[in-house]
Amino acid sequence: MINLLKSVFGGSGNTQLKEVLEQGAVIVDVRSAGEFAGGHAKGAVNIPLDQLETKLNKIKGYQKPVVVCCASGMRSARAKAFLASHGVANVHDAGSWRNLE
């Protein structure tokens, strides 16, 4: 059941996330600056969901896999869909940032 929910709402398996992170992926936390300040995954960059469009070139410039996360997985799923539709090929949805701890 959990795998079904992950496939519907996003969220990569921990093994896949680990592999992508080992490849040097950039973690993009799409929560608000206030939420990010309250705690985040080590090394994460904060780009709130509503700023993704204006930061798209920055994200494309990473030239590395991108892992998006948020609080519950809803915003990260939207971020993944947005980035993928705008040419970011290697983007992964971690769901909650706590999945990256």
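Using the structure shown, decide if H92 is open to solvent by 20 Å² or more (accessible area, probe 1.4 Å), at pLDDT 95 or above and not in a loop (DSSP other than H, G, I, E, B).
Criteria met by H92.
A84 fails exactly one of the following numbered conditions: (1) in a helix (DSSP H, G or I); (2) under 23 Å from G38 (Cβ atoms). What is the number of that condition?
It fails just one condition, (2).
Keeping to region 41-72, report how many residues are closer than 18 Å to V20 by Cα and surrounded by 15 or more Cβ atoms within 10 Å (Cβ to Cβ).
So the answer is 11.
State whether one or more residues within region 56-74 are modelled with pLDDT of 95 or more, part of a helix (DSSP H, G or I), on the phi < 0 side of the Ramachandran plot and in contact with an Asp or Glu (Cβ under 9 Å, 6 or more places away or on another chain).
No.
Inside region 38-55, can you point out the residues that are more than 15 Å from L83 (Cα to Cα) and part of a loop (DSSP other than H, G, I, E, B)?
G38, G39, H40, A41, K42, G43, A44 - these are the residues of region 38-55 that are more than 15 Å from L83 (Cα to Cα) and part of a loop (DSSP other than H, G, I, E, B).
Could you tell me how many of the residues in region 1-51 are hydroxyl-bearing (S, T, Y) and modelled with pLDDT of 95 or more?
Total meeting the criteria: 1.
The values are calculated or read from the model by the stated rules, or taken from the named source; none is laboratory data. Source: prediction; values computed, not measured. Virtual Cβ from ideal backbone geometry, glycine too; neighbours counted across all protein chains shown. What goes into the accessible areas is simple: the full protein's heavy atoms, side chains included, and nothing from ligands, DNA or RNA. Shrake-Rupley method; radii C 1.70, N 1.55, O 1.52, S 1.80 Å.
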